[in-house]
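Q: There's a structure below that I have some questions on.
The values are calculated or read from the model by the stated rules, or taken from the named source; none is laboratory data. Every value quoted in this text rests on a predicted model; they were computed, and no experiment measured them. Note: ideal-geometry Cβ built from the backbone for every residue, glycine included; neighbour counts use all protein chains shown. The area values use the complete protein model at the heavy-atom level, side chains included, leaving out ligands, DNA and RNA. Shrake-Rupley method; radii C 1.70, N 1.55, O 1.52, S 1.80 Å.
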Amino acid sequence: MMDNVSVVTMFTLSGLHFTWEQRIALFLLTLLWYLIILLGNVALTVVIIIDKNLHEPMYIFLCNLCINALYGTVGFYPKFLLDLLSSHVISYAGCMLQGFVIHSSTCCDFSILALMAYDRYVAICRPLVYHSIMTKQRVSVFVFFSWLLPLYCMFMNTATLLGSKLCGSHINKVYCVNWMVVSLACSPVKANTAVSYFNMLFYFGHFVFIIWSYMYLIRTCMSSKEKQGKFMQTCMPHLVSLIIFSISVLLDLLYMRFGSADLSQDLNNFMAIEFLLIPPVVNPFIYGLKLTKIRNKVLNLVYIKRTDAKF
């Protein structure tokens, strides 16, 4: 058994049992989807950065949500595209890095969505003190910790796996996650288990806070038509984004808990990667179309380009 530990320097990933023709078709579709993700999130990020009128807390948080989508998807799509054209293997270091990026991006999403919920709570329920609470310095601190805490939590989660004795090299998923690596350990990794449960409780707390915030907002807005309009205009995109992301993460958790040979491989694959497929594409379009300032800015840029092209 100890001999096996020294040779586990590569992992084999599962879920790509396709013919060569199917792989090519899937490669082209995946590449197109990834380009849409890049285009949508980069465009929204650039629009927010270059327009000083959008340098408000809500849009700053949205900009970070888009940046995080780019960060998270880069941990999956390039490797997945390469796997479609070659063998479906990954090095030990690559597996640890991929797991870290995907995990930390997911947690960062919850942190940013929590900030968005808090921002809308202050804006609608305490409008008179909004600007004194959501100052530039405070927003900067919020953004800093919304990145630092997920990165630190997932670094500790990954660090507790390093050096673990592994008795297998097959990961039953199309990408690496720490939970799958833990399942290959020859003995329970107690430190990783403790860190994992702490992280789950910590970010479940984020989720509870977000749900409470929107329930309180909905109850508050029911008493005023003006507040109802403000809620529909600024909070509805956040709420839709939260629902889509939460369902996506839930499907992935269900896959890791219940995914088996009883389900079709295609369904298993979809459950495993749905949070990397839908939210990164849907979010830019939801916010771009629903938030008036962003929609107007995009339309102005398109109009200016068309005008310049005529001349």
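For (1) modelled with pLDDT of 85 or more; (2) of a type in the set (D, E, K, R); (3) closer than 14 Å to Met96 by Cα, each residue gets a yes or a no:
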| position | (1), (2), (3) |
| --- | --- |
| Trp147 | yes, no, no |
| Leu151 | yes, no, yes |
| Met154 | yes, no, yes |
| Thr160 | yes, no, yes |
| Ser169 | no, no, yes |
| Asn172 | no, no, no |
| Tyr175 | yes, no, yes |
| Met180 | no, no, yes |
| Cys186 | no, no, no |
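Q: Restricting the search to region 186-226, which residues are part of a helix (DSSP H, G or I) and over 24 Å from the mean Cα position of the chain (by Cα)? Break it down into steps so the answer makes sense when it comes.
A: Filtering region 186-226 for residues part of a helix (DSSP H, G or I) gives 190-221, 225-226.
Matches in region 186-226: Lys190, Ala191, Tyr216, Leu217, Ile218, Arg219, Thr220, Cys221, Lys225, Glu226.
Q: Determine if region 11-27 includes at least one residue that is under 24 Å from Pro150 (Cβ atoms) and part of a helix (DSSP H, G or I).
A: no
Q: What number of residues in region 200-216 are closer than 11 Å to Leu239 by Cβ and open to solvent by 70 Å² or more (accessible area, probe 1.4 Å)?
A: Counting residues in region 200-216 that are closer than 11 Å to Leu239 by Cβ and open to solvent by 70 Å² or more (accessible area, probe 1.4 Å) gives 1.
Q: Continuing with the same structure: With the condition kept exactly as written, say whether any residue in region 231-252 is open to solvent by less than 60 Å² (accessible area, probe 1.4 Å), outside any helix (DSSP H, G or I) and farther than 30 Å from Phe270 by Cβ.
A: no
Q: For residues that are assigned to a helix (DSSP H, G or I) and polar (S, T, N, Q), scanning just region 57-92, find the one that is most open to solvent (accessible area, probe 1.4 Å). Talk me through it step by step, then tell me what you get.
A: Within region 57-92, the first condition is being assigned to a helix (DSSP H, G or I), and the residues that meet it are 57-74, 77-85, 92.
Remaining after also requiring polar (S, T, N, Q): 64, 68, 73.
Values: Asn64: 23, Asn68: 0, Thr73: 2 Å².
That would be Asn64.
Q: For region 93-145, which positions are surrounded by fewer than 18 Cβ atoms within 10 Å (Cβ to Cβ) and not in a helix (DSSP H, G or I)?
A: Answer for region 93-145, where residues must be surrounded by fewer than 18 Cβ atoms within 10 Å (Cβ to Cβ) and not in a helix (DSSP H, G or I): Arg126, Thr135.
Q: If you don't mind, there's one more thing I want to ask. Out of the residues in region 158-185 meeting the condition of being more than 14 Å from Ser14 (Cβ to Cβ) and hydroxyl-bearing (Ser, Thr, Tyr), tell me which one is farthest from the chain's Cα centre (by Cα).
A: Ser164
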